[in-house]
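The block underneath contains the structure these notes are about, expressed in structure tokens.
Coordinate-derived values only; no laboratory data. Source: prediction; values computed, not measured.
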Amino acid sequence: MSYQFYKVLHVASLFLLFTSLAAIAFSAADKRKPWAALHGIATLVAFVAGFGLLAKIGAMKAFPSWAVVKIVIWLALGAMPVILRKKPGMALQLLLASVLLGAVGSYTAVNKPGQQAAVEEVQVAPSEMPTETPPATETPAN
Ligand code: HEM
């Protein structure tokens, strides 16, 4: 499987994870089961694709600290349905906390804090910068 395949699978499974979490947070107790199942599947796929990505970027051996941070976030998001069931009155706060965890997870994936030479800033050479907006094509006078 390619790096791109794992990344699309990883991010798509996160979409399902958060969608199912929101559904669990705001649906009645007897309607939660299918969403809990989808959340479980999404959590598993995010994990497998995440490790596929780790292998593809050659980080399995070094196992950087940012990957550990992501696993801790993944564990918290995985446990969230149980917390939501125990604290139904805090559904909104718990969901906002989950989104915040997602933001930290995304930041960690993109910036890889603590990893040397983590992210090269893309430098656009001046010669490649668009000089000016192309002139609007004049409609030929009839
Ligand atoms: C088992 C836990 C996880 C592992 C091992 C993992 C690992 C990875 C790896 C290796 C990448 C690719 C980084 C790169 O392209 O250089 C990645 C990308 C990403 N991860 Fe995870 N991840 C995990 C969980 C999560 C969680 C819980 C979130 C957020 C909720 C998340 C959000 C993202 C995002 C948004 C990207 C794409 C970043 C980009 O476009 O470069 N991941 N993940």
Next on the checklist: Can you compute 3J(HN,Hα) from phi for each residue in the stretch 63-68, using the Karplus curve 6.51 cos²θ - 1.76 cosθ + 1.60 with θ = phi - 60°, rounded to whole Hz and x for Gly and Pro?
Outcome noted: 6, x, 4, 5, 5, 5
Item to check | Equivalent ellipsoid semi-axes - Cα gyration tensor, the stretch 3-111, angstrom | outcome: 27, 14, 10
Checklist entry - Under 5 Å between amide H atoms, partner at least 5 residues away or on a different chain: which partners does Gln115 have, H built in plane at 1.01 Å? => result none
